[in-house]
1. Using beta carbons and a limit of 6 Å, which pairs, at least six apart or on different chains, have the first residue in region 4-19 and at negative phi and free of Cβ contacts under 8 Å to residues at least 40 places away in the same chain and the second one crowded, with 18+ Cβ neighbours inside 10 Å and not in a helix (DSSP H, G or I)?
2. In region 27-43, which residues are part of a helix (DSSP H, G or I), surrounded by 12 or more Cβ atoms within 10 Å (Cβ to Cβ) and free of Cβ contacts under 8 Å to residues at least 24 places away in the same chain?
3. Kindly indicate whether any position in region 140-153 is modelled with pLDDT of 90 or more, of a type in the set (A, V, I, L, M, F, W, C), at negative phi and open to solvent by less than 30 Å² (accessible area, probe 1.4 Å).
4. Note down all Cβ pairs under 7 Å where the first residue falls in region 117-143 and is assigned to a loop (DSSP other than H, G, I, E, B), the second is open to solvent by 50 Å² or more (accessible area, probe 1.4 Å), and they're at least six residues apart or on different chains.
5. Does region 88-108 include one or more residues that are open to solvent by less than 50 Å² (accessible area, probe 1.4 Å), charged (D, E, K, R) and at pLDDT 90 or above?
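The values are calculated or read from the model by the stated rules, or taken from the named source; none is laboratory data. No experiment lies behind these values; they were computed from the predicted model shown. Counting neighbours? That spans all protein chains shown, and the Cβs are built from the backbone with ideal geometry, glycine included. What goes into the accessible areas is simple: the full protein's heavy atoms, side chains included, and nothing from ligands, DNA or RNA. Shrake-Rupley method; radii C 1.70, N 1.55, O 1.52, S 1.80 Å.
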Amino acid sequence: MNVFRLAGDVSHLLAIIILFMKIWRSKSCAGISGKSQVLFALVFTTRYLDLFTVFISAYNTVMKILWTFSIYLESVAILPQLFMITKTGEAESITTHYLFFLGLYRALYLANWVWRYHTEAFFDQIAVVSGVVQTIFYCDFFYLYFTRVIKGSGKMSLPMPV
């Protein structure tokens, strides 16, 4: 464990809490991509299925193939949400904060991997490459978040797609 991983996990938890707060307060899922949420559910289901067994065998191998799948899927699971924001041209403040903390979680995990590489000589190519891809998807959102939400009115208005 290091500070980057802990901060990344806290950021991920904050994103989930913000999502639940948004749904609870508004009594609506408006502005939240159902496709992204289904993909994230699949990500974490496939990632942690092996916790239900201690049997080390071909089954364990299959589960670790599912772990790899979950890592790859997580890198693109946010795309429907980002496309939804682009299509509608705006997002509620709480939705943008949810996305910010999800992106921050990914960015902090990149710092975690750099830290672990330098301190433990640990490098997981699948996780790093997928994490970099996912963080790249967030870069445009981060730019808009800082220029429109933080400095603006609370709603993030985007230029309409051409």
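1. Qualifying pairs under 6 Å: none.
2. From region 27-43, those part of a helix (DSSP H, G or I) are 34-43; that's our starting set.
Of the ones still in play, those that are also surrounded by 12 or more Cβ atoms within 10 Å (Cβ to Cβ) are 35-40, 42-43.
Listed by number, the residues that qualify are Gln37, Val38.
3. Applying the first criterion (modelled with pLDDT of 90 or more) to region 140-153 yields none.
No, there is no match, as no residue in region 140-153 is modelled with pLDDT of 90 or more, of a type in the set (A, V, I, L, M, F, W, C), at negative phi and open to solvent by less than 30 Å² (accessible area, probe 1.4 Å).
4. Final answer for the pair search is Phe122/Arg116; Phe123/Tyr117.
5. Yes, that holds for at least one residue.
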